[in-house]
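Presented below is the structure to which this report refers.
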Amino acid sequence: MKWSTTGPRDRSRAGARRGLRGLPALSLAAAVAAAAGGNAADLEGIRTHDAPDHTRVVFDTSTKVAYKIFSLENPLRVVIDLKDTSPEATIALPKKDSDLIKRIRRAARPDGAYRIVLDVAEQVDPRHFQLNPIEPYGYRLVVDLHAIERRRPSPIIRMPDGERDVVVVVDAGHGGDDHGATGVGGVKEKDIALAVARALERDLNGTEGYRTVMAREGDYYVGLRQRAEMVQKHSAHLFISIHADAFRMPKVRGAHIFALSERGSSSEAARILAERENRSDLIGGVGGVGGISLDGQPSHVAETLVDLSLGFSQAGGIEIGDTILRSLAPTARLHKPTTRLQNFAVLRAAGVPAVLIETGFLTNPEDARLLTNAAYQRRLARAIGDGIRAYVVKNPPPDTLIAARVAAGGFRYVIQRGDTLSEIALRYRVSMGALRAANGIKGDRIHVGQVLRIPGAAGS
């Protein structure tokens, strides 16, 4: 077989006929050529990440490599030959193989290539590309294994009109190769973001009239455009992106929130943070950063749609950000008490009220200790959820159950352990007097399980 220097896959006629019968193709797929000069490369590491629709295998190399990829059957396997490549002495195979990959084998070839064999559990379509160095990574060869039976595109989900749920896309930042910030004790932002996002998912799904959509549910990377597209796919009303921060001075700590700005940042630190977050697609292994879909629109219509989308997401983002911050205040130390503005790609593309929540600074020992504590993660998620609920009660999306409840005279809240009347009033931005009057309460005594009516926007 010839070492190719081009990107497209080349199927033989026999392989194509097998593909039409649903069998794995026995053809060669070739990719980017070796760097100029053809110097020998070192294979420095191998990693795997499972995503819902594919499994990613990443090969860290000292330079670009020429490679061949082909599939075999009986048993099913994918073979990767790296030309003029040698493994480093310390290289180890991934400790845990993925659900799709049963085993990884490797050996040097007589022709000087280094062969890696992936024994797979089902027929796959391997897609592949190389990435240039970007901190903290060098050159990478990425192979995404898409199970053929799972390749059918999922239908676009459109919720019917009427009293439907308020849909919130909960985005756990980073994932896979994109670790995000690294803090005290080696704690990674991607892990904290996912833990808090899962806690928020449970909190919101436990509230009548709300449904969450998780942008990612495991340790894999989802492109910024794909995260934002989930808003359109699920007809979502809000986009909440969960992160954790880092700073060169360990004494800096506290939670803070960003909304979209098209005119620069609230501070130099915010600008640096945005540059770091907007590089995620390059680190995570996705090309380009996208926005809302404007296919087929005349230029003047496209510009108007972008302006309307940005205006809506910015205005709503500031209000929901400030509401969540007020809800967070009794639970978490705040780095900044008001929502800050920054041009984050993932917020820009969402097109609905959207915020990016920095839950704390992983480089601060106290923040790192709290953010790795499961009980604190749950309290943090509850406070964020309370802020979301307070915003929605004041701004109920039309045709939702929440809007119907507010229009009917208010919204009902079940008292939870630890609640106080003053905190509930603050959370839902109503006066203590209005809350007492709506519920016939003379003092401040409430009890777990008691149902309170929150006066709605209709003045009830």
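The values are calculated or read from the model by the stated rules, or taken from the named source; none is laboratory data. Remember, it's a predicted structure, so these values are computed and weren't measured experimentally. Here Cβ is always computed from backbone atoms with ideal geometry, including for glycine, and neighbour counts include all displayed protein chains. Just the protein is used for accessible areas: all its heavy atoms, side chains included, with ligands, DNA and RNA removed. Shrake-Rupley method; radii C 1.70, N 1.55, O 1.52, S 1.80 Å.
Please list, ordered by first then second residue, the pairs with beta carbon atoms under 6 Å, 6 or more apart or interchain, first in segment 172-192 and free of Cβ contacts under 8 Å to residues at least 40 places away in the same chain, second open to solvent by less than 20 Å² (accessible area, probe 1.4 Å) and of a type outside the set (D, E, K, R).
Taking only residues 6 or more apart or on different chains, the pairs are K190/H174; K190/G175.
Does segment 116-136 hold any residues that are under 23 Å from A41 (Cβ atoms) and open to solvent by less than 50 Å² (accessible area, probe 1.4 Å), and which are they?
Residues satisfying the conditions are I116, V117, L118, P126, H128, Q130, L131, I134.
Test of understanding: among A35, A89, A29, A16, which residue is in a strand (DSSP E or B) and at pLDDT below 85?
Among A35, A89, A29, A16, only A29 is in a strand (DSSP E or B) and at pLDDT below 85.
Taking the conditions exactly as written (surrounded by 17 or more Cβ atoms within 10 Å (Cβ to Cβ), modelled with pLDDT under 90 and among the acidic types (D, E)), does D97 satisfy them or not?
Considered against the rule, which asks whether it is surrounded by 17 or more Cβ atoms within 10 Å (Cβ to Cβ), modelled with pLDDT under 90 and among the acidic types (D, E), D97 comes out as yes.
Table: residues versus (1) within 21 Å of L325 (Cα to Cα); (2) touching a residue at least 40 places away in the same chain (Cβ under 8 Å).
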position: R412; (1), (2): no, yes
position: G418; (1), (2): yes, no
position: A425; (1), (2): yes, no
position: S431; (1), (2): yes, no
position: G440; (1), (2): no, no
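If I ask for residues that are in contact (Cβ under 8 Å) with a residue 60 or more places away in the chain, farther than 17 Å from E149 by Cα and of a type outside the set (D, E, K, R), which ones from segment 45-69 would you list?
I46, H49, V57, V58, F59, T61, S62, T63, V65, A66, Y67, I69
How many residues are in contact with a Phe, Trp or Tyr (Cβ under 7 Å, 6 or more places away or on another chain) and open to solvent by less than 50 Å² (accessible area, probe 1.4 Å) when one looks only at segment 65-86?
So the answer is 7.
Criterion first (in contact (Cβ under 8 Å) with a residue 24 or more places away in the chain, more than 19 Å from H174 (Cα to Cα), open to solvent by 10 Å² or more (accessible area, probe 1.4 Å) and over 22 Å from the mean Cα position of the chain (by Cα)) does P337 satisfy it?
Judged against the criteria, P337 is not a match.
I'm checking my understanding of the structure. Among residues of segment 318-334 that are touching a helix residue (DSSP H, G or I) at 6+ places or on another chain (Cβ under 8 Å) and assigned to a helix (DSSP H, G or I), which one is most open to solvent (accessible area, probe 1.4 Å)?
The residue in question is R326.
If a residue must be of a type in the set (A, V, I, L, M, F, W, C) and more than 24 Å from L328 (Cβ to Cβ), how many such residues does segment 394-443 contain?
Qualifying residue count, segment 394-443: 8.
Could you count how many residues in segment 353-367 are farther than 25 Å from E423 by Cβ and surrounded by fewer than 22 Cβ atoms within 10 Å (Cβ to Cβ)?
Of the residues in that region, 1 qualify.
Yes/no matrix, rows are residues, columns are (1) modelled with pLDDT of 85 or more; (2) within 30 Å of M249 (Cα to Cα):
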site: N373; (1), (2): yes, yes
site: G387; (1), (2): yes, yes
site: P398; (1), (2): yes, no
site: R405; (1), (2): no, no
site: R412; (1), (2): no, no
site: V430; (1), (2): no, no
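Mind listing whichever residues of segment 47-64 are among the basic types (K, R) and surrounded by fewer than 17 Cβ atoms within 10 Å (Cβ to Cβ)?
The answer is R47, and nothing else.
From the list A228, A195, A255, A259, which one is open to solvent by less than 10 Å² (accessible area, probe 1.4 Å), at pLDDT 95 or above and not β-branched (V, I, T)?
Going through A228, A195, A255, A259 in turn, just one is open to solvent by less than 10 Å² (accessible area, probe 1.4 Å), at pLDDT 95 or above and not β-branched (V, I, T): A255.
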